[in-house]
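Structure, as structure tokens:
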Amino acid sequence: LSCSGPLRIDQNRAIDLFLAWLIDEGIPQDPDTPMAGLLLAAVPEGSVVSSFVGYEEIESRGSGSLQEPGWLFYLDQSPGALYQHPGKIAVIGVSGSVLYTENTVGWPLLNGQTPNPLRSVTSDAYFQAIVWNPFQMIKPVAGSKTLNPAEISVISKGAIVINGVMESEPAYTEASNNHARVLQDMQSLFTASKVRSLASPVKTDQNPVDRIKLAINQLIVQEQVNRVTIYICAHGGIGSVTIGGYSMTALAFKDSILRFFPDIHFSLILESCYSGNYLTRLSGEFAQDNLAFMIAASMWNQSSYTDNDSEKTASGQTVNDHNPEDAFVEWTGDFLLELAAWSSGEKWIQVQQYAREHAIDTEIALFYHCFWSVKGAAAIPPPVGFDPADATKTIRERRGLEIQTPRIYARWVSETPVP
């Protein structure tokens, strides 16, 4: 007589079952939009799998304590995007059973922690975790930064640079490296003493509005600043951004920042998912007199993305980045390169002339020129009907992809934001 224990599948068989499950879920083998399937971790018996769905939302139902070991899989339906964006979670057990599934707009958690491959979505760990890659994504190259903008002002102007992504969240590596570069460039523009850095805290009980107000007060009292540029890179939802685990809505920004400091003139640059909705809520009929300029890295219903140097269209065409020198966060990486180009020489003279003609601050004129230069505009402002789809340096704005559309609000041009 011979006795054998229950069937136990191996990792390769678990991958096959995950791919079959995707088909059962209605995911086409040749999808029209970028997505990727990842094996995030082997999970021991007793583990708990759930998803992070937002600091002010109901937590996911979670798997409960898993009754057998297995593997945690994740379908990333917008790879490289900051959150929120859709995805699917599945745990395949060693018995071959699907132990747990969940549709989410957050990210998977294993025993309350973000799995390592998601900590950096441009890392070797992320790309090594991919088991299904229908768009043939490849790891972007992050080159060293060699150009910095020139100093443009030492009087009455400053900046606050905010990294809202926590160490425990996806894309923290990209966001923190991006933060360092933006901080360096704002210090080059305004001098170091007039720039405040708000890196994301470890704790989630520090209200970002209070932290920003404190930084503004420091600039006013210590540096006599009355012009403040605020840059934020964060995960976001519709009408809100998440900074250090705390949601800051557009209404809170308006009431607690813009209206609280009516004599301070602000410009806002927001790199987050759905940031176009934030822009809409702060412009046009909702505008405050002391916010004359804002850039949003995406439309109201779009994601913001980490860097990538090539993408596949739904038809299989390869789109290569016009600007592979950008790094970490796609749109901001391009914007920083333009800051270096437009803050000196003949281009800086052009910026200053534009500022005089329109009676606006030079830093706002600089940001305005950089925005349109990233769009690929040959003339600034571009002619009516300008289509950036072939020239834009934001790769996911390119023709055939068209899933990220940076927007701008410049009150001296129009009360209505434009893409």
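The values are calculated or read from the model by the stated rules, or taken from the named source; none is laboratory data. Everything numeric in this text was worked out from a predicted model, so none of it was measured. Methodologically, a virtual Cβ is constructed for each residue, glycine included, from the backbone with ideal geometry; neighbour enumeration extends over all protein chains shown.
Listed values, structure above:
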| read-out | value |
| --- | --- |
| Qualifying residue in the stretch 334-356 (condition: on the phi > 0 side of the Ramachandran plot, under 18 Å from the mean Cα position of the chain (by Cα) and of a type in the set (Phe, Trp, Tyr)) | no |
| Leading residue by the ranking (nearest to residue 17 (Cα to Cα)) among those in the stretch 51-77 that are modelled with pLDDT under 95 and of a type in the set (Gly, Ala, Ser) | 63 |
| Residues satisfying the stated conditions in the stretch 223-245, i.e. outside any strand (DSSP E or B) and either surrounded by 21 or more Cβ atoms within 10 Å (Cβ to Cβ) or of a type outside the set (D, E, K, R) (or both) | 224, 225, 226, 234, 238, 239, 244, 245 |
| Close pairs from the stretch 105-120: first under 14 Å from residue 89 (Cβ atoms), partner of a type in the set (D, E, K, R), Cβ under 7 Å, at least 6 apart | 114/169 |
| Cross-chain or 6+ apart pairs with Cβ under 7 Å, the stretch 232-258 first and within 16 Å of residue 106 (Cα to Cα) and not assigned by TED's automatic domain parsing to the domain that holds residue 81, then of a type in the set (D, E, K, R) and crowded, with 18+ Cβ neighbours inside 10 Å | 235/169 |
| In the stretch 350-387, the residues that are surrounded by fewer than 17 Cβ atoms within 10 Å (Cβ to Cβ) and either assigned to a helix (DSSP H, G or I) or touching a Leu at 6+ places or on another chain (Cβ under 8 Å) (or both) | 350, 352, 353, 356, 357, 358 |
| Yes/no for residue 101 being touching a strand residue (DSSP E or B) at 6+ places or on another chain (Cβ under 8 Å) and of a type in the set (Val, Ile, Thr) | yes |
| Within the stretch 156-190, tally of residues that are of a type outside the set (Ser, Thr, Tyr), under 16 Å from the mean Cα position of the chain (by Cα) and outside any loop (DSSP other than H, G, I, E, B) | 11 |
| Near pairs, Cβ below 8 angstrom, 6+ apart or cross-chain, from the stretch 389-409 (at positive phi) to any residue that is of a type in the set (A, V, I, L, M, F, W, C) and part of a loop (DSSP other than H, G, I, E, B) | 400/314; 402/389 |
| Residue that is modelled with the lowest pLDDT [pool: residues in the stretch 202-222 that are exposed (fewer than 14 other Cβ atoms within 10 Å of the Cβ) and of a type in the set (A, V, I, L, M)] | 202 |
| Any chance residue 105 is aliphatic (A, V, I, L, M) and crowded, with 23+ Cβ neighbours inside 10 Å | no |
| Candidates 294, 248, 299 - the one that is part of a loop (DSSP other than H, G, I, E, B) and within 20 Å of the chain's Cα centre (by Cα) | 299 |
| Some residue of the stretch 266-283 being at pLDDT 95 or above and over 24 Å from the mean Cα position of the chain (by Cα) | no |
| Residue in the stretch 6-24 that is in a loop (DSSP other than H, G, I, E, B) and of a type in the set (S, T, N, Q) present | no |
| First in the stretch 325-338 and assigned by TED's automatic domain parsing to the domain that holds residue 186 and acidic (Asp, Glu), second anywhere and crowded, with 24+ Cβ neighbours inside 10 Å and assigned to a helix (DSSP H, G or I), Cβ under 7 Å, 6 or more apart | 326/333; 326/334; 330/395; 330/396; 334/374; 338/370; 338/374 |
| The stretch 376-388 residues that are over 20 Å from residue 404 (Cα atoms), paired with ones that are modelled with pLDDT of 95 or more and crowded, with 16+ Cβ neighbours inside 10 Å (beta carbon under 6 Å, 6 or more apart) | 380/369; 380/372 |
